[in-house]
Amino acid sequence: MRPCEQRVKDALEELRTQVDAWVATANGAGKPYLVPLSFYWNGEVMIVTTARSSRTGRNFVASARARVAIGQTRGNVVVVDARVEEMPIGEAVELEDAYVRATDFDPRPWDAGYTFFRLIPERIQTWRGDDADELREKDVMRDGLFL
């Protein structure tokens with residue numbers, strides 16, 4: 001098993017270098033919804049974009065919660081439980097520009113109701129799929145603080 005310090009470092013590297021993730025939300029009745037979204041990690045938060053009127057956008061606004069998964073089942077997996085804040089287009093242009101550079105997708109010229117969202121990690125888990133010990137000790141962040 002990798003020491004916690006190494007798992008934190010590896011998780012941050014995945015967040016820094018990956019661009020696509022599976023994002024899970026739920027509606028008010030708890031019905032889950034899962035979609036692939038591109039993201040940008042600025043070192044503290046994940047930035048994603050979707051139409052505010054989409055199911056994911058509505059769930060983000062209603063629950064202010066998301067769960068994000070990055071990685072391959074048998075490789076290095078990172079799961080982030082996050083608080084969600086809406087970031088309307090034009091509110092944080094530097095983050096928007098960084099998102100566009102990282103993902104090669106710019107929703108700003110469209111008239112499709114897109115908005116950006118900040119996903120603020122509260123809990124991060126990481127493990128290698130082939131390491132049983134890491135499956136038992138997955139947490140590397142709790143309550144927004146790295147262990």
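Here, each number is a calculation from the coordinates, and none is a lab measurement. Note that the coordinates shown come from a computational prediction; the quantities given were computed from them, not determined experimentally. Because the Cβ atoms are built from the backbone with ideal geometry, glycine has one as well, and the counts that use them run over all protein chains shown.
This table checks each residue for (1) within 23 Å of ASP131 (Cα to Cα); (2) of a type in the set (Asp, Glu); (3) touching a strand residue (DSSP E or B) at 6+ places or on another chain (Cβ under 9 Å).
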position	(1), (2), (3)
ASP20	no, yes, yes
LYS31	no, no, no
GLU44	no, yes, yes
GLY57	no, no, yes
GLY71	yes, no, yes
VAL79	yes, no, yes
MET87	no, no, yes
Task: Odd one out for ARG118, checked against (1) surrounded by 13 or more Cβ atoms within 10 Å (Cβ to Cβ); (2) farther than 18 Å from THR56 by Cα - done: (2)
Task: Test: GLN125 is surrounded by fewer than 20 Cβ atoms within 10 Å (Cβ to Cβ) and of a type outside the set (A, V, I, L, M) - done: no
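So which residues in region 3-18 are within 13 Å of VAL78 (Cβ to Cβ) and over 17 Å from the mean Cα position of the chain (by Cα)? Spell out how you get there, then give the answer.
Filtering region 3-18 down to residues within 13 Å of VAL78 (Cβ to Cβ) leaves 7-18.
Correct list: ARG7 only.
From the list ALA69, ALA98, which one is out of contact with any Lys or Arg (no Cβ under 7 Å at 6 or more places or on another chain) and over 30 Å from MET1 (Cβ atoms)?
Residue meeting the stated conditions: ALA98.
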Task: Candidates ALA92, ALA64, ALA132 - the one that is under 18 Å from GLN6 (Cα atoms) and without any contact (Cβ under 8 Å) to a residue 40 or more places away in the chain - done: ALA132
TODO: Spot the failing condition for SER53; the list is (1) in contact (Cβ under 8 Å) with a residue 60 or more places away in the chain; (2) touching a Phe, Trp or Tyr at 6+ places or on another chain (Cβ under 6 Å), and only one is missed.
DONE: (2)
TODO: Identify all residues within region 21-46 that are under 15 Å from ARG118 (Cα atoms) and among the charged types (D, E, K, R); write none if there are none.
DONE: GLU44
Open item on the list: Anything in region 132-145 that is surrounded by 13 or more Cβ atoms within 10 Å (Cβ to Cβ) and charged (D, E, K, R)? List them, or say none.
Closed with: GLU134, GLU137, LYS138, ASP139, ARG142
